[in-house]
Each structure stands twice: as structure tokens, then as C-alpha cells.
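What follows is calculated from the coordinates using simple rules that are stated; it is not laboratory data. Worth saying up front: this structure is predicted, and the values here are computed from it rather than measured. Glycine also receives a Cβ, built like all others from the backbone with ideal geometry; neighbour counts cover every protein chain displayed.
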Amino acid sequence: MTKNTIALFLISILFACDKKSDIPETATSGTVKIAFDESFKSIIQQETTIFQYLYKQAFVKDTVLPQELAHQYLLKDSVKLIFSSRFLNNYENSYFKSRNVFPKTYVFASYGLVILLNKNAKDSTYELSKLKDKFLNIGKPAVLVVDDSKGSALFLIVQLLGLQRNQLENVYSAGSQSDVINYVSENEEAIGILPGTLISDAESPAVQALRKKVRIAKVSASKNLPFYYPFQSEIADSLYPLINKIYIISRESKMGTANGFASFLLGEKGQRIVLKAGLVPARMPGREVVLTKKDIR
């Protein structure tokens, strides 16, 4: 490549960047920075791909962070929108209020928390009380394995079982979701905790490979009640007891790209993507029924 060719190439890049910065910020154009936990990566990247395909002048820059760090990024205005498994806490609300910022929170989807077991584990069904005892080291000790100590999985199991973080002594932070699966597959006493976004697409090769390495536990709310898997239908009917929601939190006050993206996510197209991904939409998309003259005669 000659010097002239390189110079022309660099000029074309700079020109393209200038053109991108000239795009007005509206609900369907401009750039928005977002952040989310690794647990939500698959569904959100599906959403951003379709959003950017439909709106050619809209650009979504995403950052994958442990959930609690994503909240910190939102506070610092490093991102305009996050996906989280929790609401803003009192400190965060006070911080925003002191700066005259009034974030909006929306329910995006529901999912189940998955309990992963070693293939040789003697128990494959758990009542919530028994699961709580395991995490409190009552009886035979168990190692609780999460992907990140600041991620959504640990926050959720503490919240859903009514525990305190300091009550969980044998917690191992594996580093990533795949590391959680590998650790559980190699350690019989380990119990892995991952959001159900990981197994929502039952037909995917990744989910089928996961089920060859570890077992997914069935969970019951209490004694004498049926046990259920964290699958879409059981979550939609509120049968699986470890259910949580994904929230969209936007700090943008105007109808800019962040709120435009949020509107897309909560609209017909965005919620249909949620449904097809195996999660439960916050707003169930309607079914289209095409009638012909033959059908109504």
C-alpha cells in the first residue's frame, strides 16, 4: 500500500466519523451508549442488531459489565441506558435527584434463575427452603458458584431467598458463565447460579452442549408443591419460584436515541424478539391472523 493510498484511506475514515457525528440525535438517529451484565448479552445484541438495521442512522455502543458496575456507569453518565435485574436503590435515586436527573425504569422481560448441578449430584430437585439451607451451610456444605461477585446472579439468589450477602460463606466467583459451567461439571459439591437467559434458546447448540456437561435442577416453592424447570412456559404461568425481571433504566430526559431505543425494545418488534429468544416479554406481542374470503364463508 503506497503512502498516497494510506493517506486517502485515513481521510475517508475521518470523513466517515465526521458524517456520523453530524447525524442529529432523535428517537431513531444518533448514538447511544448502553451497559449490561454478561447474562443479558445474547438477547440485547439481538435487539441492537434489529434496531440498527431498521434505523440506519442509529448506533448503539454497548459495554458488557457486571451489573453493579453498570449502575455506576449510569450514575457517572458514562452510559445513558442500562439493563439490570434490579431497581435503582435509595442511594442511586438520591444521587440522581440531587442533580435534577429523573431516570425512567421499564420492565423489559422476565426470566428464571437457573440452578446448575454436577452430573453426579444426588439431588436434582430442590425446595426453596432446602436450597436456602445449602447456601447457609446447614447440613452437607455446598460451594455456591457465580460468574462475578458484582454480577446479577449473586444479587438475585440473595434477594429471592431472603438472604444477606455476608451469610454466604462458600461463594466462588468463577469469572464467566462458561467458567461457572466448567467448575460445576468438575466439582460434585458445587451449585452453579446463572440467569435463565443462558438456556432460554433450548434449540441452540450452546444450550444442548451445556446440558451434556451439567444438570439443571427442578425447583419447588415449598413442600408438597410440584417441581418446575426455568423454562418459558413455567415462567409465564408463574410456576417456577425463582423468577426475576430485566429492567431498562434510562437517564435520558428528552426523546433522544436512548429513549427511542427503549421505545423500540418495549414495542411490538422488540417484544417479539424477546418471545422468540425464549424469555417472557413484559408486553405479549399480538398474533397476526390473516383471514381469506374462504375462511369467512
### Task
With both partners inside the chain, how many of the DSSP beta bridges are antiparallel, as a percent to the nearest 5?
55
### Query
So for region 144-193, taking the charge dipole from beta-carbon charges (+1 Lys/Arg, -1 Asp/Glu), which of S152, N182, N170 sits furthest toward the positive end?
S152
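Can you give the charge dipole size of the chain about its Cα centre, rounded to the nearest 20 debye, using +1 on the beta carbon of Lys and Arg and -1 on the beta carbon of Asp and Glu?
Approximately 660 debye in magnitude.
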### Task
Multiply the residue separation of K213 and S98 by 0.36 nm, subtract the distance between their alpha-carbon atoms, and state the gained length in nm to one decimal.
36.5 nm
### Query
If the label point is 7 Å along Cα→Cβ of Q72, which residues in region 142-165 have backbone nitrogen under 20 Å from it?
146-156, 165
## Note on the structure
With a Förster distance of 35 angstrom and the Cβ-Cβ distance between K223 and L275, calculated FRET efficiency to the nearest 0.05 equals 0.55
### Residues V158, V60, V114 arranged by fewest to most Cβ contacts within 10 Å
V158, V60, V114
### Task
Report relative contact order for region 110-244 in percent, whole number only (criteria: Cα-Cα under 8 Å, sequence separation at least 6).
41
## Note on the structure
Summing +1 per Lys or Arg and -1 per Asp or Glu among the other residues with Cβ less than 14 Å from F96's Cβ gives +3
### Task
Sort R211, R251, R283 so the one with the fewest other Cβ atoms within 10 Å of its own Cβ comes first.
R211, R283, R251
### Task
Please sort 254-263, 219-228 by packing, taking for each peptide the average over its residues of neighbouring beta carbons within 10 angstrom, highest first.
254-263, 219-228
### Task
Quickly rank 75-81, 50-56 as a protection proxy: mean count of other C-beta atoms within 10 Å, highest first.
75-81, 50-56
### Message
Please compute the contact order of the chain in relative form: average sequence separation of alpha-carbon pairs under 8 Å and at least six residues apart, divided by the residue count, as a percent.
### Response
26
### Summary
For D123 and L136, extending 7 Å from Cα along the Cα-Cβ vector and measuring point to point gives, in nm, a value of 1.3
### Task
Using only Cα atoms, locate the centre of region 28-64 and the centre of region 178-236, then give the distance between them in Å, rounded to an integer.
27
